[in-house]
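The values are calculated or read from the model by the stated rules, or taken from the named source; none is laboratory data. What you see is a predicted model; the values in this text were computed from it and never measured. Glycine gets a Cβ as well: all are built from the backbone with ideal geometry, and neighbour counts include every protein chain shown. For the accessible areas, the whole protein counts, side chains as well, though only heavy atoms, and no ligand, DNA or RNA atoms are used. Shrake-Rupley method; radii C 1.70, N 1.55, O 1.52, S 1.80 Å.
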Amino acid sequence: MLDWILKLISLIYPMAKRGLKKFNGGIFPKSHKDLSNHHPIVKTIMPKELALPLKQHIGIAVEPLVVVGEKVLKNQLIANTEDTSLHAPIHAPTSGTISAIEQRQLPHSSGLTGLCIIITTDGLELEIENALKIPNKVPTEPNTLKNIIYKAGIVGMGGAGFPTFAKIPNEKNKVKTIIINGAECEPFITCDDLIMQTYAKQIISGANIVANALGCNKIICGIEDNKQQAIKKMRQAVNNEKITIKSIPTIYPIGGEKQLIQEILGIEIPAGSHALNSGILVMNVSTVRAIYQAVIEGKPLTSRIVTISGTGLKKPYNTEAMLGTAFIDLIKFAKPKMKLNYRLIQGGPMMGFEVQTNQVPITKTTNCILANTPQKKTATMPCIRCGECMDACPINLLPQQLYWYSKSQEFEKTEKLNLFDCIECGCCSYVCPSNIPLVQYYRFAKAEVKKNKSEQKATSLAKLRYENKLARQEKLKVEKANRLKAKKEAIKQKSLADKDKNITATSSTPPMSAREKALAAAKKRTQQANQITPDKASPAKATPTKAATTAIAAAKKRAALKKIKQQTPNKDTIEDSKPDNRKKAIEAEKKRAALIKTKKSQE
Amino acid sequence: MINTSPFIHDNNSVQKLMFKVQLALLPALIVHVYFFGYGIVIQWLLGLITFLIVESIMLKLRNRPVLPFISDLTAVITISGIAFCIPPNSSWWLIVTAVSFALIFGKHLYGGMGYNPFNPAMLGYAFILISFPVEITQWSLPIAISGQELTFINTLQLIFTGNIPNINIDQITGATPLNSMKTGLTTGTTILQTLNLPIFDNNLPYAWTQINIAFILGGLWLLFTRAINWQYPIGFLGTIALLATIFHYIDPHTYAPASVHLFSGGIMLAAFFIITDPVTSSTTPKGKLVFAIGIGCLVYIIRNWGAFPDGISFAVLLLNMCVPFIDQYTAPRVVGYKK
Ligand code: SF4
Ligand code: SF4
């Protein structure tokens, strides 16, 4: 009823729509979805060459399992790693020949390069059936499901790229609610919409598979109410009462994980906690479909639906693109209105990023390629403290103050204002009448804070190491002194003993019997021995050698690491110099650590 | 620098915002001219010229590009604010002083637009209010009461020379309704008696009521287009109405009814156009309400127990000082935290 009234009011006062949802703020950008959501998904385009980056996920890069010149079949595993850190294997999207394994530019905001496997396609599509060798029955245990998902190389396809298996708990019944994210609130993007319209059945059964394996009885799929077609198709596909399809208001950023949970379940995930701790598992519709394909068809993740849209295109479309297809190959097909002398955007206009060259390949997380003709930039004015940004922020932060302190580089203050709870949704920048690129400032501040922290950590580590070294040296010194003292003592004793002898020899004391003499000598010997043994037998003497060996081992390791680093200069040097990458690296490190734990317990 | 997301914008701008505010002042301006003659138009133009000169010099001195900053229209709001506050036929140097002071000391010395803690219009007005109290209280009488309709040329003459041939100045000037009430009380006239004066019409201040209604119209449009926040008018007007009603109920002879308070002086101007200045007010939703309520209380206190007939400017300036404090204690709860 209230919704209905609000909708009525919103006809004359559009912002009344903000009252329709449960989280704070939000914005209503023009959706532009009609550019690409009318046409069915275009059949896969076969490019001449595919470039598959070895790192398309959060975690560590995998290693190639093929060599240049080798022929590969579709769905063949071509890269993986033995390492237990977070990663996802990569499979060949089509048949062909490995023509190179080399550094290429990745779809990344700062033009990062990375090792890629290049496949020259043969167009024959020779395929390995049931590449994942799945058994005949659907998994009933979380671990079986996780294993298949891991082997299929599935990662979060909404944009984050977190390996999906690592998101799933090992214990049954831990997940109480599965939320399928079909919100797709970013303007222009329609790939999830099209997936739901086209593959509703697959999504529903994929969701059922996950729910069964995890022992979960509640699945809710949230879809923005501007996708009526998708809602209809999904409702038709529902085959049991576990699943509800929920129409949610069209408000950006309702598709954010925490916002969606807030909207659908009405609960806030406490800061610093994870949805899983509240018994909630959120998955994107594309990811769920990929799970279906893996579990039922034994297909690894080698292609994905991508939206190719933008104001600069005559014929925007959606396609099932093979991973590794170059952006430019897909864009050409959409008939650009003008020469592509501007940069394409990966992702939506709110949270996506500009790629440095238009040659970069599609990865597992590319949901959209946007070709918006460049626009003249409006000048940035000083902040007028209007508070629009605050009204728009879904997290209820104080964007204006965050901006102020980021600008003046008072980073402790930004942290106090919960900088790290900012989801970089861009609502604040979008509404700012002074046109201030607020999010840019927050990204900068976040990177700086992380850098400072890691530097601090490094210095404290170095300090610790130095202190240890000092302690070790001190210990060695003491030991040396002890040894010396002992030796001296021994010598003294000996000379004393000799004196004794002399004295005995010359004194007027009654001469000892031979037996007595022998006894005395023996006594002295043991005495001497006793004085030496504590030194010889003490473990302290063993420690330095042990320490030395460990030190040598560590040094060796370091040297080895250095070597590796030198061998892959591009990756590491860039990661060291760019704060953005460093941030990612740190994140990855953290996740890796967490993953090792989960993985260990899983195995 | 890397161009990062978001790549789209809602197309709002400071300039558009300020233009809207200017537009919303138009009805009040027309009504003002109807009741008090062309004075305000001349004053406004004088203010504009002062602004152009002062602003260019200041921007030059501060090494800032003149064009984008001079065209942001924020200073024009300052001029309008002052023009509505001073007597429409007062001498030319009054508005020139006020505008110059407002722009130099209220804005540029703090680093320009966005950095000023005090509302420039109110700072400028307070300055002349303290420096030239007599000139400020010499209000023109509404045309219908004085019976003298000045031509545009006559008005110009009056503003620049201080007199017009063949017309007695005393005939066309008088005290404002608020002033009459205040002086009335000191000479033993009750409020109810003052309300019978010709400057009141149906117990409402004549001319001022109409102008204030025009302000409301413009203000409502601003609310509707989200150029201003609801917290300001609601908090401010609500507080004054509440206090006035309570005190009038207790002692109707000394305290004017709420209707007189709400429709006299620049109350509606303040409610929709002055205290809504984002730069100098609180930024948090709750803080805005606190800010508005605070000003409401102070205005009522100064009107009844202070030395000046109207205290909007002082009230605003005082609350401007409290803004950092208010902001700190009204920060919203961040999602995912307990408070
Ligand atoms: S929206 Fe922009 S101008 Fe307004 S307070 Fe926020 S940062 Fe300042
Ligand atoms: S980008 Fe951060 S500060 Fe800005 S609206 Fe989104 S969450 Fe709030």
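Side notes on the structure shown:
- ³J(HN,Hα), Karplus 6.51/-1.76/1.60, whole Hz, each residue of the stretch B:161-175, x for Gly, Pro: 10, x, 8, 10, x, 6, 10, 7, 4, 4, 5, 9, 10, x, 7
- Phi angles across the stretch A:230-240 convert, under the Karplus curve 6.51 cos²θ - 1.76 cosθ + 1.60 with θ = phi - 60°, into 3J(HN,Hα) values of 5, 4, 4, 4, 5, 5, 5, 7, 5, 10, 8 Hz, Gly and Pro given as x.
- Cα centroid separation, the stretch A:78-109 to the stretch A:275-331 (Å): 17
- Exceeding the 25 Å Cα-Cα cut-off - candidates A:Lys30/A:Lys446; A:Lys416/A:Lys453; A:Lys43/A:Lys314; A:Lys146/B:Lys338; A:Lys48/A:Lys71: A:Lys30/A:Lys446; A:Lys146/B:Lys338
- Solvent accessible area, Å² - B:Ile167, 1.4 Å probe, full protein context: 30
- Convex hull volume per residue for the protein assembly as shown, taking Cα atoms only, in Å³: 291
- The count of lysine pairs in the stretch A:177-243 whose Cα atoms are under 18 Å apart, excluding pairs fewer than 8 places apart on the same chain, comes to 8.
- Computed 3J(HN,Hα) for the stretch A:337-354, one whole-Hz value per residue from the Karplus formula 6.51 cos²θ - 1.76 cosθ + 1.60 where θ = phi - 60°, is 6, 10, 4, 7, 9, 10, 8, 7, 10, 8, x, x, x, 8, 10, x, 9, 6, glycine and proline marked x.
- Shielded residues, the stretch A:383-402 - accessible-area loss of 50 Å² or more between chain alone and all protein chains, probe 1.4 Å: A:Ile384, A:Arg385, A:Met390, A:Asn396
- The stretch A:385-464 and the stretch B:63-87 have their alpha-carbon centroids 32 Å apart.
- For A:Lys485, the aspartates and glutamates whose Cα comes closer than 15 Å to its Cα, not counting residues fewer than 8 places off in the same chain, are A:Asp535.
- Cut-off under 5 Å, modelled amide H: who pairs with A:Val282 long-range: A:Ile179
- Placed amide H near A:Val42: partners under 5 Å, 5+ positions off or other chain: A:Asn318, A:Thr319, A:Glu320
- Relative packing of peptides B:143-155, A:115-127 - highest average C-beta neighbours within 10 Å first: A:115-127, B:143-155
- Euclidean distance of C-alpha centroids, the stretch A:1-36 and the stretch B:181-229, integer Å: 38
- Sequence ranges B:207-220, B:16-29, ranked by mean other-Cβ count within 10 angstrom, highest first: B:207-220, B:16-29
- Accessible area buried, both sides summed, chains B and A with 1.4 Å probe, Å²: 4100
- Proximal aspartates and glutamates to A:Lys376, defined as alpha-carbon separation beneath 19 angstrom and excluding residues fewer than eight positions away on the same chain: A:Glu354, B:Asp10, B:Asp72
- MRE, 222 nm, helices only [DSSP H, n ≥ 4, -39500 (n - 2.57), over the protein assembly as shown, to nearest 500]: -16000 deg cm²/dmol
- When A:Arg465, B:Arg62 are compared by accessible surface with a 1.4 Å probe, the order from highest to lowest is A:Arg465, B:Arg62.
- Cα gyration tensor, the stretch A:1-127 - rounded (a/c under 1.5), prolate or oblate: prolate
- Computed over neighbours whose Cβ is under 13 Å from that of A:Leu20, the net charge equals +1, Lys and Arg +1, Asp and Glu -1.
- Solvent exposure of the protein assembly as shown as accessible area per residue, Å², 1.4 Å probe: 47
- Net charge contributed by nearby residues that have their C-beta within less than 9 Å of A:Lys218 (K/R +1, D/E -1): +2
- Dividing the mean sequence gap of close Cα pairs (under 8 Å, 6+ apart) by how many residues the stretch B:225-339 holds gives a relative contact order of 30 percent.
- A probe of 1.4 angstrom, applied to the heavy atoms of all protein chains, finds A:Met381 with accessible area near 30 square angstrom.
- Lys, Arg +1 and Asp, Glu -1 on Cβ, resulting dipole of the stretch A:270-416 about Cα centre, debye, nearest 20: 700
- Per residue of A:111-121, other chain Cβ atoms within 10 Å of the residue Cβ number 0 on average.
- Shape category assigned to the stretch A:224-311 from the gyration tensor of Cα positions, a/c cut at 1.5: rounded
- Dipole moment magnitude, nearest 20 debye, the protein assembly as shown about Cα centre, only Lys, Arg, Asp, Glu C-beta charged: 6340
- Cα gyration tensor, the stretch B:1-129 - rounded (a/c under 1.5), prolate or oblate: oblate
- Summing Lys and Arg as +1 and Asp and Glu as -1 over all other residues whose Cβ lies under 13 Å from the Cβ of B:Trp208 gives a net charge of -2.
- Ligands, DNA and RNA left out, the accessible area of the protein assembly as shown computed with a 1.4 Å probe is 61% carbon and sulfur.
- In this structure the amide hydrogen of A:Ile27, modeled in the peptide plane, comes within under 5 Å of the amide hydrogens of A:Tyr252, none closer than 5 places in sequence on its chain.
- Shielding by other protein chains, A:440-449, mean Cβ within 10 Å: 1
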